[in-house]
């Protein structure tokens, strides 16, 4: 099994930039539609990492500094627009 050339991903593959952007779009959606309400978000490792990075102000370049969540791990955030 060969390795994937990350500078030229296969068609249809979501890049880190695309996932990071999707996390930002999702957070904007939550703020717009659920401001002031409690929301449960269930997702997988990499998108959780991107969401946490967006919430805590971590850039895409520093994304790997955000630890991956363990199975069934819970993180609680209170989001507020500034």
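Here are a few things to note about the model shown:
- Long-range neighbours under 9 Å by Cβ, at least six apart or interchain, first residue farther than 19 Å from residue 26 by Cα within region 53-71, second part of a loop (DSSP other than H, G, I, E, B): 65/58
- Extreme residue, nearest to the chain's Cα centre (by Cα), among residues of region 7-18 that are free of Cβ contacts under 8 Å to residues at least 40 places away in the same chain and within 20 Å of residue 66 (Cα to Cα): 18
- Residue count for region 19-52, restricted to those that are touching a residue at least 12 places away in the same chain (Cβ under 8 Å) and closer than 23 Å to residue 9 by Cα: 12
- Checking each residue in region 43-66 for being part of a loop (DSSP other than H, G, I, E, B) and farther than 14 Å from residue 77 by Cβ picks out 44, 59.
- When region 1-21 is limited to residues that are out of contact with any helix residue (DSSP H, G or I) (no Cβ under 7 Å at 6 or more places or on another chain) and part of a helix (DSSP H, G or I), the one that is modelled with the highest pLDDT turns out to be 21.
- Condition broken by residue 44, with the remaining ones in (1) exposed (fewer than 10 other Cβ atoms within 10 Å of the Cβ); (2) over 10 Å from the mean Cα position of the chain (by Cα) satisfied: (2)
- Of everything in region 22-41 that is touching a helix residue (DSSP H, G or I) at 6+ places or on another chain (Cβ under 9 Å) and part of a helix (DSSP H, G or I), the residue that is surrounded by the most Cβ atoms within 10 Å (Cβ to Cβ) is 23.
- Matching residues, region 53-78, being closer than 23 Å to residue 13 by Cβ and either modelled with pLDDT under 90 or exposed (fewer than 10 other Cβ atoms within 10 Å of the Cβ) (or both): 61
The values are calculated or read from the model by the stated rules, or taken from the named source; none is laboratory data. Predicted model only: the values in this text are computed from it and were never measured. All Cβ positions, glycine included, derive from the backbone under ideal geometry; neighbour counts span all protein chains shown.
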